[in-house]
Amino acid sequence: MNSDPKLERIAKGNALALCATGTWTASFAPVLERMVADAEKLAGGPQSIFIDVSEVAKLDTFGAWLIERLRRSLTQGAVEAQIAGLSANYSSLVDEVRRVKATAVVDSGSVTITGMLEQIGRAVAGVGGTMAGLLDMLGAVLAAWFRVLIHPRSLRLTSTVHHLEQVCWRAVPIIVLITFLIGCIIAQQGIFHFRRFGADIFVVDMLGVLVLREIGVLLVAIMVAGRSGSAYTAELGSMKMREEIDALRTMGFDPIEVLVLPRMMALVLALPILAFLGAMAALYGGGLVAWLYGGVEPEAFLLRLRDAISIDHFIVGIVKAPVMAAVIGIVACVEGLAVQGSAESLGQHTTASVVKGIFFVIVMDGVFAIFFAAIGM
């Protein structure tokens with residue numbers, strides 16, 4: 001029998017039969033693609049169509065998908081194309097391919113009000129799905145934490161310390177550098193504008209309150225979301241792609257307890273430390289600029305800073321850090337575990353992790369600002 005693939009058309013009364021013969025494998029991909037594309041032009045006709053594959057000598061996944069694609073293309077309304085003559089050797093392969101859902105083709109050429117409303121509805125539904133996923137992850141993490149409290153030996157201390165080193169210790173140089181520069185910029189701009197009113201010294205008040213209450217922890221949280229949040233998503237997503245998480249479940253381990261909880265604990269411990277170091281670096285940078293650019297002596301700077309701030313300012317800033325860390329960790333882990341089996345999906349979820357993490361950090365900062373204002377802090 002000739003191994004070259006063919007697709008012949010045979011009219012049988014009011015029906016049309018497409019007889020596939022030869023080898024339908026990836027080796028003949030260009031030929032098969034052309035034949036199937038030509039046959040798909042028959043869609044829309046009134047006659048019934050049968051795809052006869054009884055004479056197919058060899059079939060692989062590529063060929064099975066082309067046959068299934070042809071069947072779907074020729075199925076129009078009440079007219080459904082049928083596959084006939086399928087041997088027992090290839091029936092399971094074709095059935096498996098048939099379970100793959102067809103992706104709906106989106107017509108981007110025209111913009112209608114209905115289409116815009118549909119997109120808005122899908123976006124709203126997506127927000128609801130995101131919030132449900134975050135709450136589900138929060139509940140799973142809390143449940144895992146309570147299990148660790150009941151059985152302390154189940155705590156993966158080595159993994160927690162490893163992630164703490166990655167998130168905290170290795171992040172110190174960039175955090176200190178960025179916050180130092182931000183402190184310098186705030187002090188320079190404050191002196192530049194306050195000098196017009198002869199109030200150079202008030203830059204110390206602005207710098208102390210702004211850094212300790214808002215800018216310090218917010219800036220550090222945003223950098224951690226971009227640095228550690230994306231790393232968490234990429235790590236978990238890669239494990240999901242390689243089916244390592246499924247392997248953990250098969251061996252009887254809880255992925256939340258093994259993978260997520262150590263990362264969450266490390267992040268919750270690291271962010272307050274980084275926020276404190278960042279605030280100190282920003283104050284040092286601001287004091288240095290105030291001395292060199294504004295003529296404010298270090299002794300005067302420290303005396304004014306002591307009068308301008310109180311322990312409440314420090315508490316307001318440092319209390320935000322663990323909550324922001326938990327939000328960043330939950331978002332990162334949710335996106336990581338949602339990765340599908342492709343590099344494109346990994347990139348999309350890593351990007352979404354950073355964007356959502358920064359968004360929720362800013363939202364939480366606003367919520368804390370309203371709360372502390374309401375209680376008079």
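Just to verify a result, which residue in the range 72-95, among those that are open to solvent by 80 Å² or more (accessible area, probe 1.4 Å) and either aliphatic (A, V, I, L, M) or not assigned by the TED database to the domain that holds ILE49 (or both), is modelled with the lowest pLDDT?
ALA78
Within the range 129-162, track down each residue that is under 19 Å from the mean Cα position of the chain (by Cα) and under 17 Å from LEU269 (Cβ atoms).
VAL141
Among the residues of the range 11-38, count how many are open to solvent by 70 Å² or more (accessible area, probe 1.4 Å) and more than 12 Å from PHE62 (Cβ to Cβ).
Final tally of qualifying residues: 6.
When the residues of the range 249-283 are filtered to those that are touching a Pro at 6+ places or on another chain (Cβ under 7 Å) and modelled with pLDDT of 90 or more, which remaining residue is least open to solvent (accessible area, probe 1.4 Å)? Talk me through it step by step, then tell me what you get.
At the first step, the residues of the range 249-283 found to be touching a Pro at 6+ places or on another chain (Cβ under 7 Å) are 249, 268, 271-272.
Next, from what is left, pick out any that are modelled with pLDDT of 90 or more: 268, 271-272.
Values: VAL268: 49, LEU271: 3, PRO272: 29 Å².
In this case the residue turns out to be LEU271.
Which ones in the range 338-377 are over 11 Å from ALA234 (Cα atoms), surrounded by 12 or more Cβ atoms within 10 Å (Cβ to Cβ) and among the polar types (S, T, N, Q)?
GLN340
Got a sec? Which of ARG9, ARG34 is farther than 17 Å from SER54 by Cβ and of a type in the set (Lys, Arg)? Before you say what the answer is, go through the steps one by one.
Working: ARG9 fails: farther than 17 Å from SER54 by Cβ.
Sole residue among the options that is farther than 17 Å from SER54 by Cβ and of a type in the set (Lys, Arg): ARG34.
The values are calculated or read from the model by the stated rules, or taken from the named source; none is laboratory data. Computed from a predicted model, the values in this text were never measured in an experiment. Heads up, the Cβs are rebuilt from the backbone with ideal geometry, glycines too, and the neighbour counts pull from every protein chain shown. Side chains included, ligands, DNA and RNA excluded: accessible areas come from the protein's heavy atoms. Shrake-Rupley method; radii C 1.70, N 1.55, O 1.52, S 1.80 Å.
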